[in-house]
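Asks: Okay, handing you the structure first.
The values are calculated or read from the model by the stated rules, or taken from the named source; none is laboratory data. In this text, all values refer to a predicted model and were calculated from it rather than measured experimentally. As a convention, Cβ positions derive from the backbone with ideal geometry for all residues, glycine included, and neighbour counts pool all protein chains shown. Accessible surface is based on the protein model in full, side chains and every heavy atom, while ligands, DNA and RNA are left aside. Shrake-Rupley method; radii C 1.70, N 1.55, O 1.52, S 1.80 Å.
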Amino acid sequence: MASLSLENTSTWRLFRRVWSTYIKGYTGKILLAALFMILSGAATAGLAKLMEPIIDDVFKSENAQMLQMVSLGVLGLFLIKGLASYGESLTMNYIGQRIIANIQGDLFSHLIRADLQFFHDNSSGTLMSRCTNDVNLMKGVVSNTITGLGKDLITLIFLIAVMFYQDWVLSSIAFFVFPLAVIPIVRIGKRMRKVSTHTQQETGVFLSFLKEIFQGVRLVKAYNMENYEIGRAKKVIESLLKLSLKSNRIKSLSSPIMETLGGVAIVVVISYGGYEVIQGKNTAGAFFSFIAALLLAYEPMKRLANLNANLQEGLAAATRIFHILDGVPHIQDSPNAQTGPTGKGTVSFKQVNFQYESGKPVLKDVSFEIPAGKRIALVGPSGSGKSTLLNLIPRFYDIKSGAILIDSVNIKEVSLKALRNSMALVSQEVTLFDDTVRANILYGRQGASNADVVKAAKDAAAHAFILKLPKGYDTVIGESGVKLSGGQRQRLSIARALLKNAPLLLLDEATSSLDTKSEHEVQKALDHLMKGRTCLIVAHRLSTVRNADNIVVLEEGKIVEQGTHDQLIKKNKVYAQLCQWQLVKEDHD
């Protein structure tokens, strides 16, 4: 996958990409927010300017009429500032939330289309962190940066204008010291980006840990490992705490810098300005107006100083998000891919070789055929390549060399959508979603009628137990179908495959984790499912494979023998040994 490293990605380049991709479309609303910011900044500067008549005309000259006018002026300015701040806050919040939704939508769309290998290479916790924490940090880039560069900068400009209007010499002295803060603030931003990256990586580790423990909580309790897992959790939490404290420490460094420089500026201003008032070169009102503007400018100036640290934190998140969005799936449709149905024909493997990335070969020169409408079983010791071979047919992975054909058409010349529409998968690891029974069956064919759903459930021997559930087909079955037994979950997956009604059926150890009674019920449903379909069956149990039209025996990625059950038993080689081993195991069970 393409990557953007923190070292070689400039702040400007990243911000420009964030702007063009996610912010530019909201230019109109940003201009509206800018208008509110201008009103708020002008009102703040107006409050500072009003200090002059308050001191000179009200207190010194004791002008009662001016007191009323100034009071009304102050009230009006506060009203304008309040309404403008409200409008700006609503507008910027809308923009920020919409951008979060857009980024999350883009991320999920990209992730769901990624190769299976990508999910093996990246933990679920890391991906969850990208979709939640990183996206929220990117919102900070948008909201804080635009608000900071907008509201705070505009307010600062108005206040500086008041200050220079009152005394340009004093203003020059006051702002002479602040450029000295630029260098340390830039360095703080760079450190902030690195810490943010490490924090998000550790957050991904923590999310993966939580998911793993919550899903395996039954095993944790069975082995009395609660204290062990608490210890592991505390280590990760402690690491996150250290990173958080370090992040806060770095971010807070700008505060003493700005406080010190601000103190120096104010001391110089009071000393020089006070001297000018004493000498009669300036009025007390003008001086207090200047001081008010300087003090009011101090807060937005501090926020602008902190802006770079927040910006770098958000841009570190943007780097990680764009790293994912820039990734291109390796498995894609060819330019002239066939989009129509693949038919019900023969599946052929021609000298297929395959290995996972940076791994040793898993399949070596595998060649065999699955005639249309026939059942072919794959057997062999664990690690022989059975499930891998099955995963190559829907192109979950692409082969290194050789060819896989359906009706003499290379599967690489068929679109992924058409290819996968032509097959149904039932595996040992049943995947059900935290939704209703009906919705889980409809996963096989969206838009199917209720009658079709019920028929599929009946054919899968699932209808009877579904009706006994609290709300029947509308019962929510929990995460991964946790509220159902293993046999019930498997029968729902078979109902889903039946509803899809695909010509090619892939069965991957579909009954291996079931007890004898559940296996018997599921096997009957599978027999119904396999009728009239081209089937590739991966299994250990004899009951599943002995009626296959052909049995292909794999060992260390190679086909070592093939034939019917009776033929292979007579050969008394690998298959016969596997059968003997299983019979001994069943006797012991």
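Asks: Picking from TYR356, TYR397, which residue would you name as being under 34 Å from the mean Cα position of the chain (by Cα), aromatic (Phe, Trp, Tyr) and open to solvent by 60 Å² or more (accessible area, probe 1.4 Å)?
Replies: Only one candidate qualifies: TYR356.
Asks: Just give me the residues in the stretch 316-353 being hydrophobic (A, V, I, L, M, F, W, C) and either open to solvent by 40 Å² or more (accessible area, probe 1.4 Å) or not in a loop (DSSP other than H, G, I, E, B) (or both), in sequence order.
Replies: Kept after step one, since they are hydrophobic (A, V, I, L, M, F, W, C), are these residues of the stretch 316-353: 316-318, 321-322, 324-325, 328, 331, 337, 347, 349, 352.
Of everything in the stretch 316-353, those that are hydrophobic (A, V, I, L, M, F, W, C) and either open to solvent by 40 Å² or more (accessible area, probe 1.4 Å) or not in a loop (DSSP other than H, G, I, E, B) (or both) turn out to be ALA316, ALA317, ALA318, ILE321, PHE322, ILE324, LEU325, VAL328, VAL347, PHE349, VAL352.
Asks: Here's something else I'd like to know. Which pairs turn up if I take residues in the stretch 233-250 that are touching a residue at least 24 places away in the same chain (Cβ under 8 Å) and look for partners that are open to solvent by 40 Å² or more (accessible area, probe 1.4 Å) and among the aromatic types (Phe, Trp, Tyr) with beta carbon separation below 7 Å, at least 6 apart in sequence or on another chain?
Replies: VAL236/PHE206; LEU240/PHE206
Asks: While we're looking at this one, here's another question. Taking PHE175, is it open to solvent by 20 Å² or more (accessible area, probe 1.4 Å), at pLDDT below 70, in a helix (DSSP H, G or I) and hydrophobic (A, V, I, L, M, F, W, C)? Give the derivation first.
Replies: Working: open to solvent by 20 Å² or more (accessible area, probe 1.4 Å): yes; at pLDDT below 70: yes; in a helix (DSSP H, G or I): yes; hydrophobic (A, V, I, L, M, F, W, C): yes.
Yes, satisfied.
Asks: I'm told VAL426 meets every condition in (1) open to solvent by less than 10 Å² (accessible area, probe 1.4 Å); (2) farther than 30 Å from ILE370 by Cα; (3) among the β-branched types (Val, Ile, Thr) except one. Can you identify the failing condition by its number?
Replies: (2)
Asks: In addition: All but one of (1) free of Cβ contacts under 8 Å to residues at least 60 places away in the same chain; (2) at positive phi; (3) not polar (S, T, N, Q) hold for ILE399, so report the exception by its number.
Replies: (2)
Asks: Okay, next question. Take the residues of the stretch 359-394 that are surrounded by fewer than 20 Cβ atoms within 10 Å (Cβ to Cβ) and under 21 Å from GLN567 (Cβ atoms): which is nearest to the chain's Cα centre (by Cα)?
Replies: Among residues in the stretch 359-394 that are surrounded by fewer than 20 Cβ atoms within 10 Å (Cβ to Cβ) and under 21 Å from GLN567 (Cβ atoms), the one nearest to the chain's Cα centre (by Cα) is PRO381.
Asks: With the requirement that a residue be modelled with pLDDT of 90 or more and within 26 Å of HIS520 (Cβ to Cβ), what does the stretch 466-486 give you?
Replies: ILE466, LEU467, LYS468, LEU469, GLY472, TYR473, THR475 - these are the residues of the stretch 466-486 that are modelled with pLDDT of 90 or more and within 26 Å of HIS520 (Cβ to Cβ).
Asks: Does the stretch 416-426 contain at least one residue that is assigned to a loop (DSSP other than H, G, I, E, B), of a type outside the set (Ser, Thr, Tyr), under 27 Å from the mean Cα position of the chain (by Cα) and closer than 14 Å to ARG496 by Cβ? Don't jump to the end; show me each part of the working.
Replies: Here is the first cut: in the stretch 416-426, the residues assigned to a loop (DSSP other than H, G, I, E, B) are 422.
If we keep only those that are of a type outside the set (Ser, Thr, Tyr) as well, we get none.
No, because not a single residue in the stretch 416-426 is assigned to a loop (DSSP other than H, G, I, E, B), of a type outside the set (Ser, Thr, Tyr), under 27 Å from the mean Cα position of the chain (by Cα) and closer than 14 Å to ARG496 by Cβ.
Asks: If you scan the stretch 259-292, which residues turn out to be under 14 Å from PRO53 (Cβ atoms) and in a loop (DSSP other than H, G, I, E, B)?
Replies: THR283
Asks: Taking the stretch 543-575 on its own, how many of its residues are in a loop (DSSP other than H, G, I, E, B), open to solvent by 100 Å² or more (accessible area, probe 1.4 Å) and either of a type in the set (Val, Ile, Thr) or touching a residue at least 24 places away in the same chain (Cβ under 8 Å) (or both)?
Replies: First, the residues of the stretch 543-575 that are in a loop (DSSP other than H, G, I, E, B): 546-549, 556-557, 564, 572-573.
Remaining after also requiring open to solvent by 100 Å² or more (accessible area, probe 1.4 Å): 546-547, 556, 572-573.
Add one more test, that the residue is either of a type in the set (Val, Ile, Thr) or touching a residue at least 24 places away in the same chain (Cβ under 8 Å) (or both), and what stays is 547, 556.
Result for the stretch 543-575: 2.
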